[in-house]
Amino acid sequence: MRTQGLFRLTDSKNKVRIMNKQSVKLPSLMQVVVALGIFLALAFSFTAQLDLPIQLALYIGWFVIMALGIKLGHDYKSLEQAATKGISNGLGAVLILLAVGALVGTWIAGGIVPTIIYYGLKAIHPSIFLLATMIICSLTALATGTSWGAAGTAGIAMMGIGQGLGIPAPMTAGAVLSGCYFGDKMSPLSDSVILASSMSNVEIMEHIKGMLPIALISYVITGFMFTGVGFHYAGNVDMSQVESVIVAMDDQFVISPFSFAPVVIVLALLAMRLPSFPVISLGSLLGIVWAVMIQDMDPLMAFNTAWAPFSISSGVDFIDAILNRGGMSSMLGSVAVIVFGLGFGGLLDKVGVLQTIAKLFEKRVNSAGSLSVSTIATAFLGNVFGSAMYVSLILTPKICAKNYDRLGYQRKNLSRNAEFGGTLTSGMVPWSDNGIYMASILGVATFSYAPFMWLSFVCILVTIISSYMGWFVDRCPPTVQADSEDKQPGAAQQPA
């Protein structure tokens, strides 16, 4: 009798679970518009008008999406678990962010960044500076497989050189990011490349080959654009100011070619596909050693630069502005943005917000061109509302894959479009992980540098035009995909 009672109790619990799953619905388009409209209103008003941190807007956004989820039949516990799962999927980025903060602080204290700026100001002519910036940052990202690492090393140095040459900081940042994101998405070592290809069921090298023609065309076009602008600024550079900066840098730091050694070591280890977090942490340790041994800094002060921003008062505004930064503590605001953003993306995934938007696109998808537009738009929305590139690259292939299969286009078209839409636009969103990181590392507001991310705009434009023209599009026999994913909305929305 006890056993029969237990079976009845278990059976009733299973029935309740099945009924709960069946009661969960996808949000309507109107519900999505209202929920995301509230979030966008919060984000823009907090950042543009009220001078409040974006972290608070993301925090409040959690409860907006949770309220929608509960209305659709989700229970609070499952929503909380979705948020924490979203956070856990991106914690690797948080660790790298803190490590890069330590690297920047110790490399400034150790004279490594000042040395790069010093020799850069001596060697790079203003007319080719922007082109050189894009090429140097793209090679760094290509070799290391990380746009964050490239921006935190070569990017910071180029920002300093550009400021010394009198190039507007937002334009220099645009050249830095054009190079960083190009190298990142063409490197087989890149986590975004691995994620976009794996989520689309495409081999990594096939994914890169699929991106290569459009990426190279866009790179050449962008190179001509930066070269033309560079010639415009070449005649306006005050070389006497450049010389004064070089002299002041020489007075404040011990400038030595040996200071390039930590850069070579870190880039070589990253190129050997060693994990980014310990390699970048090793680089910050080398910065401490260089600060003590070469800059003759007190060991405790040198060690503290891994946590607190480096402080200098040279009397030269340029040097003080570019070198008073770094340390893990300077990244804590960015960490909060990433944590809240990843959780927000997890909630959007659970509730099915992006799936509803994708269904709207699906009705209008009937060609290679409309496929590219819808995929790039979905990936961009993943960055806007998911607040993280990881969210975009996970969700976009899942949402758009059946359209490629239905219309008979190979999955490498999907992985390419998801990469272009997700990776290349990630730095344009002020509250995304990439946007907040790049703004803090380069010292330029996201909305200020975004118009100069020319490679991103050119690449997306070339992709759309070539897709409508039928160029660089690979066909395959159409397949009919089962609708099993749509039967359980709540269950089908978890990232793979």
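The values are calculated or read from the model by the stated rules, or taken from the named source; none is laboratory data. A quick note: this is a predicted structure, and the numbers were derived from the prediction, not measured. As a convention, Cβ positions derive from the backbone with ideal geometry for all residues, glycine included, and neighbour counts pool all protein chains shown. In case anyone asks, the SASA skips ligands and DNA or RNA and just uses the protein heavy atoms, side chains included. Shrake-Rupley method; radii C 1.70, N 1.55, O 1.52, S 1.80 Å.
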Quick count over the stretch 351-401, residues being part of a loop (DSSP other than H, G, I, E, B) and without any contact (Cβ under 8 Å) to a residue 60 or more places away in the chain, is 4
Meets criteria (surrounded by 24 or more Cβ atoms within 10 Å (Cβ to Cβ) and closer than 29 Å to Phe231 by Cα) for Trp148:
yes
Those helices (runs of 4 or more DSSP H) completely within the stretch 102-152 that have 1 or more residues that are farther than 26 Å from Met328 by Cβ, of a type in the set (A, V, I, L, M, F, W, C) and at pLDDT 80 or above are 129-144
When (1) without any contact (Cβ under 8 Å) to a residue 60 or more places away in the chain; (2) open to solvent by less than 40 Å² (accessible area, probe 1.4 Å) are applied to Val104, the one that fails is (1)
Matching residues in the stretch 414-445 (in a helix (DSSP H, G or I) and either open to solvent by 10 Å² or more (accessible area, probe 1.4 Å) or among the basic types (Lys, Arg) (or both)) number 5
Across (1) crowded, with 22+ Cβ neighbours inside 10 Å; (2) over 29 Å from Gly110 (Cα atoms), Ser334 clears everything bar (2)
Scanning the stretch 153-176 residue by residue, those assigned to a loop (DSSP other than H, G, I, E, B) and crowded, with 24+ Cβ neighbours inside 10 Å turn out to be Ile167
When the stretch 186-225 is checked residue by residue, the ones that are in contact with a Leu (Cβ under 7 Å, 6 or more places away or on another chain), buried (at least 24 other Cβ atoms within 10 Å of the Cβ) and modelled with pLDDT of 85 or more are Ser218, Thr222
query: For the stretch 358-380, does any single residue satisfy the condition of being in contact with a strand residue (DSSP E or B) (Cβ under 9 Å, 6 or more places away or on another chain) and either under 26 Å from Ala57 (Cα atoms) or open to solvent by 10 Å² or more (accessible area, probe 1.4 Å) (or both)?
result: yes
Subset of the stretch 44-93, residues among the hydroxyl-bearing types (Ser, Thr, Tyr), open to solvent by less than 80 Å² (accessible area, probe 1.4 Å) and either farther than 30 Å from Ser281 by Cβ or not in a helix (DSSP H, G or I) (or both), comes to Ser45, Thr47, Ser78
Selection from the stretch 404-413 of residues of a type outside the set (D, E, K, R), assigned to a helix (DSSP H, G or I) and either closer than 25 Å to Tyr219 by Cβ or open to solvent by 10 Å² or more (accessible area, probe 1.4 Å) (or both) yields Leu407, Asn413
With the condition kept exactly as written, say whether any residue in the stretch 177-185 is touching a helix residue (DSSP H, G or I) at 6+ places or on another chain (Cβ under 8 Å), among the polar types (S, T, N, Q) and in a helix (DSSP H, G or I).
yes
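Considering every residue within the stretch 312-327, establish whether at least one is assigned to a helix (DSSP H, G or I), at pLDDT below 85, out of contact with any His (no Cβ under 6 Å at 6 or more places or on another chain) and not hydrophobic (A, V, I, L, M, F, W, C).
Taking the stretch 312-327 as the starting set, the residues that turn out to be assigned to a helix (DSSP H, G or I) are 317-323.
Right, trim to at pLDDT below 85 and you get 317-323.
With the extra rule that they be out of contact with any His (no Cβ under 6 Å at 6 or more places or on another chain), the set shrinks to 317-323.
Add one more test, that the residue is not hydrophobic (A, V, I, L, M, F, W, C), and what stays is 317, 320.
The answer is yes, given that some residue of the stretch 312-327 is assigned to a helix (DSSP H, G or I), at pLDDT below 85, out of contact with any His (no Cβ under 6 Å at 6 or more places or on another chain) and not hydrophobic (A, V, I, L, M, F, W, C).
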